[in-house]
Amino acid sequence: MVSHALSSKLWNKGMDQSEIEAIRKLLISKPRPVGWIERRQRLDEVGSVWPVADDVNLVSVDAGGVAGEWSNVPGSDPSRVLLFFHGGGYCSGSIRSHRRMVSEAGRAAKVRTLAIAYRLAPEHPYPAALDDAHSAWRFLRQAGIAAAHVAVGGDSAGGGLTAALIGRLKAAGEELPGCAWLVSPWVDLTMSGSTITSKDAVDPLIHKAYLEELAGAYVPASTNRTDPSISPLFADLRGFPPCLIQIGSAETLLADATRFAAAAGIADVSMRLEIWPHMIHAWHLWNAHLEAGRYALGSAGEFIRAYL
């Protein structure tokens, strides 16, 4: 399914393109630096330009040996949780950079959220991030949260990590989450998607040379990048839980999303794919000043509520 009532309503009424253009200008004004530390600082700065809403309650937590942060707003159901993994190419990103996006996703879904600060490459290459994701999942289960009451989600590398975690749970015979939410997911670290090239001129953020650098930092040289726990596009998706993918039409990772959706559909997975015209990588991050970000979060919230 490529469209949905919420997104269709937005585009049918004609969105003011000045909002996404303002976001593009913001990103251009803060170009990506060279060093890892500097890149992490830049993503934190860009992602936290607009703070969380006043009614959001934030609590730090040790999630099975991994740093995490709970968020909830009035009306959140404490028995239902969105477990979220931030993007940043496995090398940057943080709870801070994604705090506004995660807390508003929780509001839309009417659930608590648990954001995870998994270890980053190159200091901690694969499988550190996946191990941390698994630890966070076990933390929720040991806290008495039913697997069926957990949605697992993430953007970019966090979307790939979401799919990789589900693959690990499935292989281990563990109970699976109620649903998955993948935003602009990076699920093919071989970079074989056609839109890596065809969308390069319109994507302001993600380009092949940058992806190659990230993949080289995350994946040990001796490890095959087609390993499904690294590139979930190549996984056996049979038994995967219901999944929502949201991707912008101006993304080099568009083919990652469409190919993963197709593979899931072939595997009889309940799959919904939303392609948002003109949107850029993980546009939900700027929901405070981007109407399309708020609509996308609303659509994701409705999806999560339906399955939890």
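The values are calculated or read from the model by the stated rules, or taken from the named source; none is laboratory data. Just so you know, these numbers come straight off a predicted model, no measurement behind them. All Cβ positions, even for glycine, are placed from backbone atoms using ideal geometry, and neighbour counts span all protein chains on display. Note: areas computed on protein heavy atoms with side chains; ligands, DNA, RNA excluded. Shrake-Rupley method; radii C 1.70, N 1.55, O 1.52, S 1.80 Å.
List the number of the failed condition for LEU114; all other conditions in (1) open to solvent by less than 50 Å² (accessible area, probe 1.4 Å); (2) under 19 Å from TRP283 (Cβ atoms); (3) touching a helix residue (DSSP H, G or I) at 6+ places or on another chain (Cβ under 8 Å) hold.
Here LEU114 meets the rest and fails (2).
Among ALA250, ALA257, ALA201, ALA263, which is the only one that is part of a loop (DSSP other than H, G, I, E, B), closer than 25 Å to HIS278 by Cα, of a type in the set (Gly, Ala, Ser) and touching a residue at least 12 places away in the same chain (Cβ under 8 Å)?
Working: ALA257 fails: part of a loop (DSSP other than H, G, I, E, B); ALA201 fails: touching a residue at least 12 places away in the same chain (Cβ under 8 Å); ALA263 fails: part of a loop (DSSP other than H, G, I, E, B).
After ruling out the rest, the residue left standing is ALA250.
Could you grab the pairs with beta carbons closer than 6 Å, sequence gap of 6+ or different chains, first residue in segment 165-189 and assigned to a helix (DSSP H, G or I), second one open to solvent by 10 Å² or more (accessible area, probe 1.4 Å) and small (Gly, Ala, Ser)?
The qualifying pairs are GLY167/ALA235; LYS170/GLY239.
Find the residue count for segment 220-250, including only residues that are open to solvent by less than 10 Å² (accessible area, probe 1.4 Å) and β-branched (Val, Ile, Thr).
Residues in segment 220-250 being open to solvent by less than 10 Å² (accessible area, probe 1.4 Å) and β-branched (Val, Ile, Thr): 3 in total.
Restricting segment 139-157 to residues that are of a type outside the set (Val, Ile, Thr) and in contact with a Pro (Cβ under 8 Å, 6 or more places away or on another chain), which is surrounded by the fewest Cβ atoms within 10 Å (Cβ to Cβ)? I'd like the intermediate steps shown before the answer.
First, pick out the residues of segment 139-157 that are of a type outside the set (Val, Ile, Thr): 139-144, 146-149, 151, 153-157.
Filter once more, keeping what is in contact with a Pro (Cβ under 8 Å, 6 or more places away or on another chain): 147-148, 151, 154-156.
Values: ALA147: 16, ALA148: 14, ALA151: 30, GLY154: 33, ASP155: 29, SER156: 27.
Per the stated criteria, the residue is ALA148.
Quick check on my filter: what residues within segment 241-258 are in contact with a strand residue (DSSP E or B) (Cβ under 7 Å, 6 or more places away or on another chain) and either closer than 14 Å to TRP181 by Cβ or among the small types (Gly, Ala, Ser) (or both)?
PRO241, PRO242, CYS243, LEU244, ILE245, GLN246, ILE247, GLY248, SER249, ALA257
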